[in-house]
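Each value in this text was obtained by applying a stated rule to the coordinates, not by laboratory testing. Note that the coordinates shown come from a computational prediction; the quantities given were computed from them, not determined experimentally. Using ideal geometry, Cβ is built from the backbone for each residue, glycine included, and neighbour counts are taken over all protein chains shown.
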Amino acid sequence: MTAAAVMPLHELPELVVGDLALVIAPPSDRTTIEITVERDASLILRAPLDTTIERATQFVIDKRRWVYRKLAEKDALTGPPITKQFVEGEGFAYLGRSYRLTLTDQVADVGLERGRFHMNPSQVDQGAAAMRRWYITTGTQWLQKRIRPWEARMGEDTIDVAVRDLGYRWGSARPSEGPQYINVHWAALQLPPSLIDYILVHELAHLHETNHTPEFWATVARLMPAYDTQRTTLATIGKNIWLGSV
């Protein structure tokens, strides 16, 4: 028996299989191995605590064609970072509509009024942080209401929504024994409501199935029969969403 057959996978920070390098996620109570292709085309490998390097390596080999296909899709859909300047007339999106920025001392921080974003000039040097705060505060209130019909269709009680920076992920969720909640990227608030609905449905389904199994997609389809159209549109539009770069 080789050393790799018994050496625990989670002793490695990264698993390299051929030309694929996968970051090893911290161990959890999951029972299956999963590869996630992030929006920036990085690869994350999630596996049970007792997974060996040999078992993980064989899993990656078996999934290699799928990974290459997903990476090709990312290359086609991932554009250069969107940057913003905090000057008069710069455009910022909210719920699928673009609003111009006005600098004014009539607001203490950031606000959206009369069809324009308003920012106090004192915030310009930290404009990205100020805008993120606005999206998080406003988005949390909006999403808590928006999720109610979807959670009712799932047969769930109140699901909390946390709005935060999730890097290159639109959302995240894992089932828990306590109160259930999902995370949504603040940048998602720039999307049209129909695409935000897809993110909510996707993460609600993850509260029942952590992996993208046939059962997971069946749950998504039950809640949103046309989800595949929304998923494709999100991938296309997502490359033009501002993620905080200045």
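So which trypsin sites (Lys or Arg not before Pro) in segment 90-148 are both in a DSSP loop and have at most 10 other Cβ atoms within 10 Å of their Cβ?
Those that pass, being in a loop and sparsely packed, are ARG114.
Are there GluC sites (Glu not before Pro) in segment 160-246 that DSSP puts in a loop and that have at most 12 other Cβ atoms within 10 Å, and which ones?
In loop regions of segment 160-246 (DSSP not H, G, I, E or B), the sparsely surrounded GluC sites (Glu not before Pro) are GLU177.
Quick one: Karplus J couplings for segment 50-61, per residue in order, coefficients 6.51, -1.76, 1.60, θ = phi - 60°, nearest Hz, x for Gly and Pro?
After applying 6.51 cos²θ - 1.76 cosθ + 1.60, I find 8, 5, 8, 4, 4, 5, 5, 4, 5, 4, 5, 4 Hz.
Fewest to most neighbouring Cβ within 10 Å: what's the order for MET119, MET224?
MET224, MET119
Counting other beta carbons within 10 Å of each residue's own, what order do PHE86, PHE216 fall into, fewest first?
Ordered by Cβ neighbours within 10 Å, fewest first: PHE216, PHE86.
Tilt of helix 227-238 relative to the longest C-alpha principal axis of the chain, in degrees (0 to 90, nearest 10)?
The answer is roughly 60 degrees.
Around GLY171, which amide H atoms from residues at least 5 apart in sequence, or from another chain, sit under 5 Å from its own amide H, with H modelled in the peptide plane?
HIS185
Taking amide H atoms as placed 1.01 Å from N in the peptide plane, list the residues 5 or more away in sequence, or in a different chain, whose amide H sits under 5 Å from that of THR52.
Those lying under 5 Å, H to H, from THR52 are LEU9.
What Rg and what Dmax come out for the chain when only alpha-carbon atoms are used, in angstroms?
Cα only, the chain: 20.4, 72 Å (Rg, Dmax).
What residues qualify as long-range amide H neighbours of GLU90, i.e. H under 5 Å apart, gap of 5 or more or another chain, H built at 1.01 Å from N?
Placed amide hydrogens put LEU101 under 5 Å from GLU90.
Exposure proxy check: SER98, SER194 ranked by fewest other beta carbons within 10 Å?
Fewest to most other Cβ atoms nearby, the residues stand as SER98, SER194.
List residues of segment 171-185, by number, whose backbone nitrogen lies under 11 Å from a label position 7 Å along Cα→C-beta of ILE44.
171-174
Have a look at the DSSP beta bridges in the chain and tell me what percent are antiparallel, nearest 5.
Antiparallel bridges: around 60 percent, rounded to the nearest 5.
Normalised by the number of residues in segment 3-77, what is the relative contact order in percent for Cα pairs under 8 Å and 6+ residues apart?
Rounded, it is 33 percent for segment 3-77.
With θ set to phi - 60°, apply the Karplus curve 6.51 cos²θ - 1.76 cosθ + 1.60 along segment 200-216 and write out the HN-Hα couplings as whole Hz, x wherever there is a Gly or Pro.
Once rounded to whole Hz, the list reads 4, 4, 4, 6, 4, 5, 5, 5, 10, 9, 6, 9, 8, 7, x, 5, 4.
What is the chain's relative contact order, in percent, from Cα pairs under 8 angstrom and six or more apart in sequence?
16 percent
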